[in-house]
Ligand SMILES: NC(=O)c1ccc[n+]([C@@H]2O[C@H](COP(=O)([O-])OP(=O)(O)OC[C@H]3O[C@@H](n4cnc5c(N)ncnc54)[C@H](OP(=O)(O)O)[C@@H]3O)[C@@H](O)[C@H]2O)c1
């Protein structure tokens, strides 16, 4: 079920419910990794807090963070910005791969609660599947946190179809957070369908492929600095960048038809996929944020979706490491 609300600044934000719960999430989730630091050049805390407040004001009620983003710094900024509006927002965080033993999960959650200045987390994910700790042990800890009221729902991120099926044996999984965009569509090989069939919400990250699907690099002359970590990503390899050009040209044409931007079309395509609950998009840039959230208002035609999907499939099949 989708619920519509007009918000203060005339963005028609759309909402849905998380998994089998009655917890409301916005169809665009504000990604908070970048504001925590790490390889991202962070803007100052005051700016980032103001942007989070603006996001909520404009109807984006869902926020995505993790204990490892800036080593707790992202969670602390989210907590500071949203503490007085806690009941109006949905906060998801994640337990790191190295903290998946029972006691470590409990400790990690306590730490996240402290960072976020709250007594509950709406959705807590396993950030990446463990190589060593049995999923049963991890899920037992998540179940305990849920029954103690410290988390409201359990999610998994970066899990394969087999891994999510295993997790479901021990806990009610209400959300999956995979990478998904026009240039990374592996979840279409069964995982997305499984989530649809099992009422598991999919909240995808990398919605604009770390900036590629905004057109910045193909249409607007932006180049990566030599030491930018994205140089190592498949979609940024020079050979693959060339292959992507026709897709960006098509997106630009479709954007013109809708009087929209390329980023908006890219996000709209993600949201249009069956079973996609929310597109996570990360930015510290106010102009980009305001642009991105308008994607919820764009209705792509079936023909446009088909053209994009066909071309993206052809390009992905030719990608080289
Ligand atoms: N579960 C996981 O393992 C995982 C992994 C990665 C990320 N995530 C989550 O997903 C969120 C999104 O991060 P992502 O890595 O997936 O990246 P993304 O949203 O695909 O792209 C973010 C990049 O795109 C740029 N950008 C955003 N809007 C733009 C626009 N309108 N025009 C031009 N550039 C634009 C941003 O730069 P500006 O700041 O300049 O706008 C930033 O460099 C993170 O914050 C995090 O919450 C989860």
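Here, each number is a calculation from the coordinates, and none is a lab measurement. Not measured: the values here are computed from a predicted model. Reconstructed Cβ throughout: ideal geometry from the backbone, glycine too, with neighbour counts over all protein chains shown.
Mind giving me the FRET efficiency for residue 107 and residue 241? R0 is 56 Å, r the Cβ-Cβ distance, nearest 0.05 is fine.
On the way: r = 43 Å, r/R0 = 0.76.
For residue 107 and residue 241, the calculated efficiency is 0.85.
Give me 104, 44 ranked fewest to most by other Cβ atoms within 10 Å of their Cβ, as a rough exposure proxy.
On the way: 104 16, 44 10.
Ascending Cβ contact count within 10 Å gives the list 44, 104.
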Please build a GNM for the chain, connecting alpha carbons under 10 Å apart, and tell me which residue among 80, 34, 132 fluctuates the most. 132
When the chain is modelled as a GNM with alpha-carbon springs shorter than 10 Å, which of 114, 294, 94 fluctuates the most? 114
Report, for the stretch 124-235, the % of DSSP beta bridges that are antiparallel, rounded to 5. 10
Provide the packing ranking of 308-316, 20-28, i.e. peptides ordered by the mean count of other C-beta atoms within 10 Å per residue, highest first. 20-28, 308-316
Quick one: of the DSSP bridges fully inside the stretch 50-192, what percent are antiparallel, nearest 5? 5
Relative to the longest principal axis of the C-alpha atoms of the chain, give the angle of the C-alpha long axis of helix 102-116, reported between 0 and 90° and rounded to the nearest 10°. 70
Nearest 5 is fine: what % of DSSP beta bridges in the chain come out antiparallel, could you say? 20
Which residue fluctuates the most in the chain, going by a Gaussian network model with Cα springs under 10 Å, if the choices are 174, 119, 227? 227
Between residue 259 and residue 314, 0.36 nm times their residue separation minus their Cα-Cα distance comes to what? 17.1 nm
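To two decimal places, what compactness ratio does the chain give when its Cα radius of gyration is scaled by 2.2 N^0.38 Å?
Values: Rg = 18.9 Å, N = 321, 2.2 N^0.38 = 19.7 Å.
Here the Cα radius of gyration is 0.96 times the empirical estimate.
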Debye log10 I(q)/I(0) at q = 0.29 Å⁻¹ for the stretch 259-321, Cα point scatterers: -1.22
